Structure formats: structure tokens, C-alpha cells
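Right, one structure below, let's go through it.
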Amino acid sequence: MDIEISESRVHGTARAPPSKSYTHRAILAAGYSDGVTVRDALVSADTKATVRAVEAFGGNVDRDGRTFDVTGFAGRPDVPADVVDCANSGTTTRLVTACAGLADGITVLTGDSSLRSRPHGPLLSALDDLGGRAESTRGNGQAPLVIKGSIEGGSVSIPGDVSSQYISALLMAGAITDDGIDVELETALKSAPYVDITIEVLEDFGIDADTTSAGFSVDGGQFYEPADGTYHVPGDFSSMSYLLAAGAVAAEDELVVTGAQPSSQGDSAIVDVLGRMDAKIDWDRSDGRITVARSDLSGIEVDVGDTPDLLPTIATLGAIADGDTRIVNCEHVRYKETDRVSAMAEELTTLGASVTEEKDVLTVHGSASNLDGAAVDGRGDHRIVMSLGIAGLVASGTTLIAGAEHVDVSFPNFFDVLYDLGADVRRP
């Protein structure tokens, strides 16, 4: 699906969608339990992949709107009757790879072409070290993956600079092994807030997991039992970043975003980033409301080591700001649905931005940029699509975004929300 978006002003109030990161973890945690109701969940292509995985392992999920009633497999996943299709969801794949290590048999995980290009090698090695058997069918650490259990726990070492999801997967599965799992980090952890999210969800489900001097640890023999058998998913700051960016570059008066309650989400850093760029922004944390108005933005330096999903948003803001915006510590952002560093460099250049791309740094020269509407490619990546949509709000003329349907991964009604806020959005 293509989307056309023309230079526009936005105004009004929008609610952030539920968190994708929390929804994934809550659905799988509910699967590990006897049964839990997950409320205010994100219903998207990615979270549906996690639902399918839970059902493949013997659980059952009934959905009514954004409420998921999950009958779990009580910590002992069945061997799936078929290959588990994780579609485009890397989070699903990694979290359930460790879950598959608990099943007493062989599980095969695969997904679409993008997912089959993403690295899983360190997690597979960790499961081998824990007594399972885990391998890539092509021997390159990429899906399709074959996992044979069952692991009983133990100690593993794993790099921290490839994907924090490896650690999250091991902590979630480790809680119901016999011996628990100790994870030693071989390198400094990037995207650390995502492990904080995992630990927060585990705590809400009655699981104790600890940060240690060497890494992380979770005792075995625990049970997933949230208070009152219910879990509520908070709003998503990754998705919220596009709405806040829209307000900062195109709000006619002001734009209000609701559902912004504080949590462990690292991507709440977008509020600070916008403030440092001189945006007129105010966060009422107690009420979960952020108000932002169109502002004369200034370029800054941003380290995205812990917030990789913000790179496309920040790059777009940099193309509109005065001066240079340097996005540093970003090499790991190349291993997402697409190489987001190169994708943003190339697509913003198509729109008239001046960009310098290095291995671990992306610099957008805002003062040398003049955005004009053009045909751009969303690269099959929801975050690239939405960031280009924000650029389209200020680019002169009309911007045509190919592959806009990929917003279904995390923010299915994104363009409808922009339209309701006053943006000139069309489906040609």
C-alpha cells in the first residue's frame, strides 16, 4: 500500500498505542502461567506472532478488542505440532527461542525474509551451553532455527552488544527451569532499558530477577502469577515519538498525546531529546499527558546505544532542525527489520536532506537540508515508514511512501491518527 502525505499542520489530541515491547512480554509471560488476562494490549502483526507462538506451545488465547484472555501452558511448553511462523517479529523469535528450549522435543522457528536475515547466534550458543541443542538450519545464526530441549538451567556468557532480547529470553525461561539461569555479559549491554522492561514485567508476574555485578540472574522453580490474574499494558513511547515529532514540526497550535504514564521504557528519552532540541514540550507525568507545539528546532548530539528505535525519528527531526544532528553509537541499529542507519540516510537524501553516514554515526545537516516531496521507500520497516510520514508533514509538495502497510507491525492506525489530527493523508 502506498500513502501520499502533503505539507500539513496538525492539532488536537491523540492517544499513544499500547506498548509493543510490554505486550510481547506480557503475552508470553501469560503463556508461562496457568492463565492471565492481559488488558490494553497492542493488537498488531508482531504481537499476533507471539500469540501464535503461545498457542503453538499449548496455550490458548481469546481476544476481545485489546483484552487477551490467555490460558497458559503452566511453565511446560508442548512440542509444537508444526513450524512456528514468527513472521516479521524478531522479538517473538528471540523470546520464544528460549521458551522452545524448555519443550521436551524439537521446535522449528522461522519467519519472513527480513526476519531470516537477523542474528540469533549468541542465543543459540547459550541454549547449547545450558544443555539443549540449538542451531540455524543454514549454519549462519539466522532463522530457520531448530531448538531441542529440555534445558534445566545453569550459567552462560553472552555478548551484550548484539541484542538485549537474548538476555530477556533467557530470564523469562530461566524462572521456570529447575536451576535458574545466571547470565554473564561478555561486552557492555546496549539497549539496556529493554531488559529493564523485562524485569519489570517479570516482577509484575511474581517473578524475581536480579541485576548482578556480572550481568543478570533469575532463580528457577518460580511461578508466573500476577496479582488478581490481570496485567495492564502501558502506552508505547516508541510509537509516541512520531506523534511528538509531528507536534514539534507541524502543530498549528499544540498537540496533546495521552497515555504517557512513566515506565521503564528507554524511548521515553524522546521527551528529553525534543527538549534539548528546543521544542516547546511539557510532560505531566501524573496525568500521562504530553503537550508539544511547533518549534524552531536546533541540532544536537544523541547517543542511541540504549534507544535504537528512536534513530529514525531523531534523524527526521535533524533534517528539519538548524545545525547538525549527530546520532552516535548506532551500529546496532543496522540489525533491525532493515539497516535503519542506511535506510534513513538514503531516504532523507531523496527528500533533499544533507546526510553523512559512518559506521557508528549518522549526521544530518539540517541547515543544508531543504525537504521536497518525493517518492520514498519504507523498506518494509514500520519505523522507517512512520518517520518518513513525519518528514512528509513539512516537505514541500507531496511525499509518496511505498510499503505504508508495514505500520501494522506496531501502530496499525498511524496514518488514520495523522489524518484525524488534520494531516493531508491520502491512499492513492
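Read the figures in this text as sums done on the coordinates, not as results from a lab. For clarity, every value in this text was computed on a predicted model and none was experimentally measured. Cβ sites come from the backbone with ideal geometry, for glycine too, and all protein chains shown count toward neighbours.
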*Looking only at S286, S217, S117, which one moves most when the chain is put into a Gaussian network model with springs between Cα atoms under 10 Å?*
S286
*Karplus (6.51, -1.76, 1.60) ³J(HN,Hα), θ = phi - 60°, over the stretch 113-121, in Hz, Gly and Pro reported as x*: 5, 5, 4, 6, 10, 9, x, 9, x
*Under 30 Å from the Cα of K359, which lysines turn up, not counting those fewer than eight places away in the same chain?*
K20, K190, K336
_Using a 7 Å offset from the Cα along the Cα-to-Cβ direction at both D208 and D112, what is the distance between the two label points in nm, to one decimal?_
4.3
*When the Karplus curve 6.51 cos²θ - 1.76 cosθ + 1.60 is applied with θ = phi - 60°, which whole-Hz ³J(HN,Hα) does each residue of the stretch 284-297 get, with x for Gly and Pro?*
8, 5, 5, 9, x, 10, 10, 10, 9, 10, 4, 9, 7, 7
_Pairwise FRET efficiency - E186 versus D82, Cβ, R0 = 35 Å, nearest 0.05_ = 0.50
*Mind listing the phi-derived Karplus ³J(HN,Hα) values for the stretch 353-365, rounded to whole Hz, using 6.51, -1.76 and 1.60 with θ = phi - 60°, and x for any glycine or proline?*
7, 9, 9, 10, 10, 10, 4, 10, 9, 10, 10, 10, 8
*Picking from D309, D272, D219, which is most flexible by a Gaussian network model of the chain using Cα springs under 10 Å?*
D272
*Give the shape of the stretch 20-232 as rounded, prolate or oblate, defined through the alpha-carbon gyration tensor: a ≥ b ≥ c are the square roots of its eigenvalues, a/c under 1.5 means rounded, and otherwise the shape is prolate if a/b is larger than b/c and oblate if not.*
rounded
*Those aspartates and glutamates that a straight Cα-Cα span of less than 18 Å connects to K48, excepting residues fewer than 8 apart in one chain*: D40, D62, D64, D69, D82, D85, D112, D236, E337, D381, E405, D408
_Give me the one-decimal nm value for the distance between modelled label points at A375 and R285, 7 Å along each residue's Cα-to-Cβ direction._
4.8
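Would you mind calculating the gained length between E346 and N413 on full extension (0.36 nm times residue separation, minus the Cα-Cα distance), in nm to one decimal? Walk me through the numbers on the way to the answer.
Details: separation 67, 0.36 × 67 = 24.12 nm, distance 2.58 nm.
Result: 21.5 nm gained on full extension.
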*Fewest Cβ neighbours within 10 Å first, please rank K280, K359, K190, K148 accordingly.*
K359, K280, K148, K190
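Fewest first, what order do V425, V394 take by the number of other Cβ atoms within 10 Å?
V394, V425
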*asked:* Amide H of T13 versus every other amide H placed in the peptide plane: which residues, excluding those fewer than 5 positions away on the same chain, fall under 5 Å?
replied: V256
